[in-house]
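For reference, the structure discussed in these notes is given below.
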Amino acid sequence: MDIQDIQGNILAGFNKDFQNFLFLKIIQPQQTKKWLKELLPEISSLEEVLRFNNLFKSMRERLGGRDPQGLTSTWINVAFTYVGLEKLVPDESVHFTSEAFKDGMPRRSLGDRLNPEQWEYGGWNNYPDFVLIVASDNENFLQERVNTIKKMISENVGLRLIQEEVGRVLPDKPGHEHFGFKDGISQPGVRGRISDGDHDYLTPRLIDPDEKRSLSFSKPGELLIWPGEFVFGYPAQGARPHPDDDIQPLLKGPDMYINVPKWARNGSYLVFRRLRQDVKAFQDSLKQIKVQTGLSEDLIGAKLMGRWPSGAPIIRSPEHDQENIGKDAYESNHFSYNEVEPPIKMSKEVGGRVISGATNDRLGGICPFSAHIRKVNPRDMGTDLGSAEQTLLRRIIRRGIPFGRSFNEVPEEERGLLFISYQTSIERQFEFLQKTWANNKKNPPGSEGEDPIIGQNTSTDRSRTFVLEHKTLNLQEFVTMTGGGYFFQPSISAINEIITKHV
Ligand code: N7H
């Protein structure tokens, strides 16, 4: 993998506690290009982010799980909408032929309640041309950098700031989102090497090499996916051609650039959605369902999500939450739905521990088919698409961060998730998950209602369905889309050689 050329947030993830998003409009393309050229040396590459994250992780392990003090960095990444590219490089933008990217988010019908004109931004009149992601481990350092950038913007006649989003990890519950659940546990393990070294993998392989599953999983539950699903210019995922083979890449050669120009290599589509979360409505629903079913609120929450607040999957812990499972990066994701997962041994390098097995749940008796995590990733279950391998073409990398203060602190304020996903097809990956699975009552097969967290029902009362204890329950909406856009996050060399070429 071209780790010096790929922007860092895509495959490594900034994973910073403080992240601001500056949405910008281009007034004068030439001035904007000059400005971007100046910004170029500040854009963080995959290499930089990988090295830092590895150092941070090893220091954290040495400190027994405490964050190392003083080890900080502040990073910037940039991504453009189609209209932004049209302004900057009109001759080049025409080579992007993805309908979703060209249309932009307001023209796509994803079942959202608010009309795009009611969004905070991203509607017809204030669709951004590009976004800067600024992230740091230290809030003061972040603020300093953001202030400098904002000053540069205000002095540049070519640009206008239309919105700033402030993403913050919740101080009282780091790693959790506003409904109280741990997020960011399950991600695809991206295949690929970062040097010529045989074992210098982008995603470390942590399973004992004697285990057959070490060929298809990077760690328990983290299936290896070909990088072309997330970054252009690399082999993408495909159906397994022979039962004895490891999963083979489907797309090679020119097909790795479907609907994009050659210079899209090392770039990715970024979906940004500002999703408002109504914590009171969520908690009220748990109380109401308790009355209707007699189940505890905790168990109802776990059935809606597929995980307990600690992150422990309901499949591994059907009765109650188990923090020790939620905290454990291997335990918390080692499960499937169709097949029983046998115990799995970790590699010597990470201690050689055996992770206990997990039961299966073909009928959805433990984890409902409509639970959020099962809707958006049915794992090894066959679906309306056919065999489970087809689901591997629908994976996304998630990089979201909460916005707003905790419900307990200031219940009346607005809060939610700044949802970010990376993929090489907005239609086949993000939009498919939202429209064809989350918003659909029947799919993936077995579902008996929409995704209770993100599913949208377009009827007048917007109420969704969830079945529990053989009772069909009506759920009000908890999550509302309030702004966003579809962006392309190019390689660093493309920004230099194509986007800011003639300055
Ligand atoms: Fe979801 N949540 O915090 O409640 N999500 N999500 N998501 N989500 C996941 O397994 C949440 C949203 C996915 O591989 C967890 O990492 C909230 C959208 C996928 O097993 C939790 C919102 C889309 C997974 C949440 C939201 C997805 C996933 C469990 C909106 C795509 C991995 C933690 C406000 C269209 C599933 C974990 C797997 C997991 C929450 C949005 C997709 C707790 C609050 C819009 C693919």
Exercise. Among the residues of region 416-468, how many are in a loop (DSSP other than H, G, I, E, B) and either away from the ligand (no atom under 14 Å from the Cβ) or open to solvent by 10 Å² or more (accessible area, probe 1.4 Å) (or both)?
Worked result: 22
Problem set entry | Qualifying residues in region 469-503 (those that are among the hydroxyl-bearing types (Ser, Thr, Tyr) and open to solvent by less than 80 Å² (accessible area, probe 1.4 Å)) - the one nearest to residue 375 (Cα to Cα) | 480
For this session: Could you tell me whether any residue of region 42-56 is hydrophobic (A, V, I, L, M, F, W, C), within 27 Å of residue 236 (Cβ to Cβ), part of a loop (DSSP other than H, G, I, E, B) and touching a strand residue (DSSP E or B) at 6+ places or on another chain (Cβ under 8 Å)?
Result: no
Seminar exercise, completed: Conditions (1) within 24 Å of residue 332 (Cβ to Cβ); (2) within 13 Å of the ligand (Cβ to nearest atom); (3) in contact with a strand residue (DSSP E or B) (Cβ under 7 Å, 6 or more places away or on another chain); (4) not hydrophobic (A, V, I, L, M, F, W, C) -> residue 375 fails only (3)
For this session: Filter the helices (runs of 4 or more DSSP H) completely within region 244-329 down to those with at least 3 residues that are surrounded by fewer than 18 Cβ atoms within 10 Å (Cβ to Cβ).
Result: 279-293, 323-327
Problem set entry | In region 64-100, the residues that are farther than 23 Å from residue 134 by Cα and either of a type in the set (Asp, Glu) or open to solvent by less than 50 Å² (accessible area, probe 1.4 Å) (or both) | 65, 86, 89, 91, 92, 93, 96, 98, 99, 100
Seminar exercise, completed: Residues in region 1-31 that are under 19 Å from the mean Cα position of the chain (by Cα) and under 30 Å from residue 200 (Cβ atoms) total 13
Exercise. Looking at region 396-413, is at least one residue under 21 Å from the mean Cα position of the chain (by Cα), open to solvent by 10 Å² or more (accessible area, probe 1.4 Å) and modelled with pLDDT under 95?
Worked result: no
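Each row is one residue, and each column tells you yes or no for (1) over 23 Å from residue 325 (Cα atoms); (2) in a helix (DSSP H, G or I).
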residue: 352; (1), (2): no, no
residue: 360; (1), (2): no, no
residue: 365; (1), (2): no, no
residue: 370; (1), (2): no, no
residue: 373; (1), (2): no, yes
residue: 406; (1), (2): yes, no
Exercise. Which is open to solvent by 60 Å² or more (accessible area, probe 1.4 Å) and within 20 Å of residue 36 (Cα to Cα), of 131, 157, 146?
Worked result: 157
For this session: Hey, could you check region 389-411 for residues that are more than 15 Å from the ligand (Cβ to nearest atom) and of a type in the set (D, E, K, R) and say which is nearest to residue 236 (Cα to Cα)?
Result: 389
For this session: Quickly run through region 330-348 and pick out the residues that are in a loop (DSSP other than H, G, I, E, B) and away from the ligand (no atom under 11 Å from the Cβ).
Result: 330, 334, 338, 339, 340, 342, 343, 347
Seminar exercise, completed: Condition set outside any loop (DSSP other than H, G, I, E, B) and touching a residue at least 60 places away in the same chain (Cβ under 8 Å), scope region 168-201, selection farthest from the ligand (Cβ to nearest atom): answer is 193
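Looking at region 297-311, which of its residues are aliphatic (A, V, I, L, M) and either at positive phi or within 13 Å of the ligand (Cβ to nearest atom) (or both)? Even if it seems obvious, please write down each step before you answer.
First pass over region 297-311, keeping only residues aliphatic (A, V, I, L, M): 299-300, 302, 304-305.
Correct list: 302, 304, 305.
The values are calculated or read from the model by the stated rules, or taken from the named source; none is laboratory data. These figures come from a predicted structure and were not determined experimentally. Ideal geometry is used to build each Cβ from the backbone, glycine not excepted, and the neighbour counts take in all protein chains shown. Calculation scope for accessible area: heavy atoms of the full protein, side chains included, ligands and nucleic acids excluded. Shrake-Rupley method; radii C 1.70, N 1.55, O 1.52, S 1.80 Å.
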